[in-house]
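The values are calculated or read from the model by the stated rules, or taken from the named source; none is laboratory data. Bear in mind that the values here come from a model prediction, so they are computed numbers and not experimental data. Please note: Cβ atoms are built from the backbone with ideal geometry, for glycine as well, and neighbour counts cover all protein chains shown.
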Amino acid sequence: MLFTNAQLFRGDGFAPGSFRVEAGVFSEVLDRIPDGEGIDLGGAPVIPGLVDIHTHGNSGADFSDGDYEGLKKMAAYSARSGVTSFAPTSMTLPYETLARAFAAGRRLADEQPGGCARIMGIHMEGPFFSEKKKGAQNAAYLRLPDAAAFQALYDGCGGLIRIADVAAELEGAEGFTRAVSGLCTVSIAHTDADYEAACRVFDAGARHVTHLFNAMPPLHHRKPGVIGAAAEREEVVAELIGDGLHIHPSVIRLAFRLFPERLCIISDSLRCCGMPDGEYELGGQPIWLKGRLATLADGTIAGSASNLYDCLLTVIGCGVPREQAIRAATILPARELGCADRIGSIEPGKYADFVVCGPALERRAVYLGGERVE
């Protein structure tokens, strides 16, 4: 199938072009409009399908439920929203609960039902966190870093875990990082670590920071903490929740300067994403959604109620150049999952996952493997 007359996002900007899809992949990408039959996109902007590396749920379902049908519902909503690949993200819960969730993730990745976003990995958020910076994580299930427990979960889902989180100040964090970083990306998260502790874990092999600024000490001119340690290391990539509520617009702009081409926009979405205001559940705790803000009973802000596509538009609306923001929601997260050879950009040989947009990048049509998502 030939798609013609588009403004294609090619990484550094948009340019006129066309592309051909065969067997679900981009077989040819052209910088011209060829003669012949094809789908005329009328000069519309076309961007790669988005990649969310940190999402707990949507549509009333949560990955940690361990429910396959719920996970399918999550994947279908994501695809309709323009998020064509994702890493479902767990919470701090008992190991047996995590194992069930990870098994459901493995099944969905293997079966790849039609109309569902692709699972390209699992993000294991917890239980190796600091009680002081637990945020919306359930303190009852916090544990010290345990490489053997991680290995059992990793093996149980066929190696699908791509990101594993740890609080850098915990006893055993360095040893855990050395043991696990050969299997997946280790990320510092939900941590009260100072600069020195963060540096030790980065030296041990951590290469990622989970939801920058949230659930960690703030950047201080005498106490740079995790943020300072990460910003000065070019190999470290950070996530940023893009809902416009977790992070002030000025700090969003600052983050893109601190981490040039090293920032991934994430949704950190909860089961209340795509749902009306009301009471929901997160990691065994009640949460309340009111006007896009999800909180625990004590007022602690939880994850978000926004999908990644809405986060992308929000970040652009905060003043981040759109090309930079698009990369932060496509190719950069694809690299963090180790699958940039298959997703994240419009190039021959990659899955034909793309979004046809309006002039302001509003979503008009989503294609997964070259088939329109309805």
*Which residues, taken from the range 151-176, are farther than 14 Å from ALA206 by Cβ, free of Cβ contacts under 8 Å to residues at least 40 places away in the same chain and buried (at least 18 other Cβ atoms within 10 Å of the Cβ)?*
TYR154
*Only residues that are on the phi < 0 side of the Ramachandran plot, surrounded by fewer than 24 Cβ atoms within 10 Å (Cβ to Cβ) and assigned to a loop (DSSP other than H, G, I, E, B): list them for the range 206-232, please.*
ARG207, ASN214, PRO217, PRO218, LEU219, HIS220, HIS221, ARG222, LYS223, PRO224, GLU232
_Please determine whether any residue of the range 35-48 is at pLDDT 95 or above and under 20 Å from the mean Cα position of the chain (by Cα)._
yes
*Within the range 61-70, which residues are surrounded by fewer than 24 Cβ atoms within 10 Å (Cβ to Cβ) and assigned to a helix (DSSP H, G or I)?*
ASP65, TYR68, GLU69, GLY70
*List, please: which pairs have Cβ atoms under 7 Å, are six or more places apart or on different chains, and start with a residue in the range 103-117 that is free of Cβ contacts under 8 Å to residues at least 40 places away in the same chain and end with one that is surrounded by 13 or more Cβ atoms within 10 Å (Cβ to Cβ) and of a type in the set (Lys, Arg)?*
GLN112/ARG118
_Would you confirm whether or not the range 308-320 contains a residue that is of a type outside the set (Ser, Thr, Tyr), part of a helix (DSSP H, G or I) and in contact with a Lys or Arg (Cβ under 6 Å, 6 or more places away or on another chain)?_
yes
*Name the residues in the range 130-155 that are at pLDDT 95 or above and assigned to a loop (DSSP other than H, G, I, E, B), would you?*
LEU142, ARG143, LEU144, PRO145, ASP146
*When you go through GLY274, GLY319 one by one, which is the residue that is in contact with a helix residue (DSSP H, G or I) (Cβ under 7 Å, 6 or more places away or on another chain), surrounded by fewer than 18 Cβ atoms within 10 Å (Cβ to Cβ) and over 17 Å from THR92 (Cα atoms)?*
GLY319
